[in-house]
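Just so you know, all these numbers are worked out from the coordinates, no wet-lab data involved. The model shown is predicted, which means the values in this text are computed figures rather than measured ones. Please note: Cβ atoms are built from the backbone with ideal geometry, for glycine as well, and neighbour counts cover all protein chains shown.
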Amino acid sequence: MSEKFRFSLPDRPTGTPVSQDEAERILRANVAMETKGSQEHRDALWDLMRFLSMTERQAEGISILDQMLATTSDPEQRAEIVLATGQLMEMLEDFPSARAAYTQGVALEPVGGRTWYLLHNNLGYCLNQLDRFDEAERWCRSAIEIDSLRHNAYKNLGIACQGQGKFADAARAFIQAIHREASDPRALLHLEDLIEKHPEIANEIPDLADQARSCRTAVETAKRTVEDWMSGQLPEPEE
């Protein structure tokens, strides 16, 4: 495969570290000081919801999203809210509720590419968790049609194909996921596990061993680069 491997660098932390309690106080104060219904108020609610999700209080985050949804009429904003609701449901491992949220979002047909992609991809992910692999495959392929450069839908497509016994298709999907984001090792773990369990895949993909080795090298290189970046050993990229 001649296609190059790609990976992204995460944002480095900025600002002054504060305690969890202080961060929550600041975020709630930001919500209280903004006029309800304003964009600033919505932004403050989003920030608080994200904080709650990162501190294992997803139920509180969902309550905030429910309030936002009740006061929002714009279809694209509503889609972003139900997408976030589904993501918090996933964290709670309530996959039927997450699936229902994503299905609600898809019905809104938002314009935004990222939201549209994630609704399809995440719906495929939830269907995989529910062992509904044939349905999951369709949603993952739809997500890839929306944005073929993102990696998650390829990974989830691989899981869906593997669940249906389409092992060569699963391997190809995992390899595509690694090519698109080598800093995420999950697709490589799936690929190597799949090859170990089903070595007969090499009959359909003769260079599978070489591709798997290239994928592992790419993931290891990306890991080292990200670690160096986060530790400050790599300079900021030139504009």
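A few points about this structure:
- Dipole magnitude (debye, nearest 20) for the stretch 74-150, charges at Cβ of Lys, Arg, Asp, Glu: 80 debye
- Cβ charges +1 (Lys, Arg) and -1 (Asp, Glu), total dipole of the stretch 165-233, debye: 120 debye
- From most to least packed by mean Cβ count within 10 Å, the peptides 142-154, 202-214, 179-191, 51-63 give 179-191, 142-154, 51-63, 202-214.
- Most positive-pole-ward Cα, Gln67, Leu127, Pro10, against dipole of the chain from beta carbon charges: Leu127
- Rg [Å, one decimal], Dmax [Å, integer] - the stretch 165-233, C-alpha atoms: 13.2, 45
- Cβ-placed point charges (K, R +1; D, E -1), dipole of the chain about Cα centre in debye, nearest 20: 220 debye
- Hydrodynamic radius of the stretch 1-91 by the Kirkwood approach over all distinct alpha-carbon pairs: 15.0 Å.
- Taking the helices alone, the chain has a mean residue ellipticity at 222 nm of -23000 deg cm²/dmol, built from -39,500 (n - 2.57) per DSSP H run of at least 4 residues and averaged over all its residues.
- Distance (nanometres) between label positions extended 7 Å along Cα→Cβ at Glu204 and Leu9: 3.9 nm
- Cα gyration tensor, the chain - rounded (a/c under 1.5), prolate or oblate: oblate
- Spin-label model, Gln164/Ala59: points 7 Å from Cα along the beta carbon direction are separated by 3.8 nm.
- Net length gained if the chain between Ala107 and Thr16 were fully extended (0.36 nm per residue, minus Cα distance): 28.6 nm
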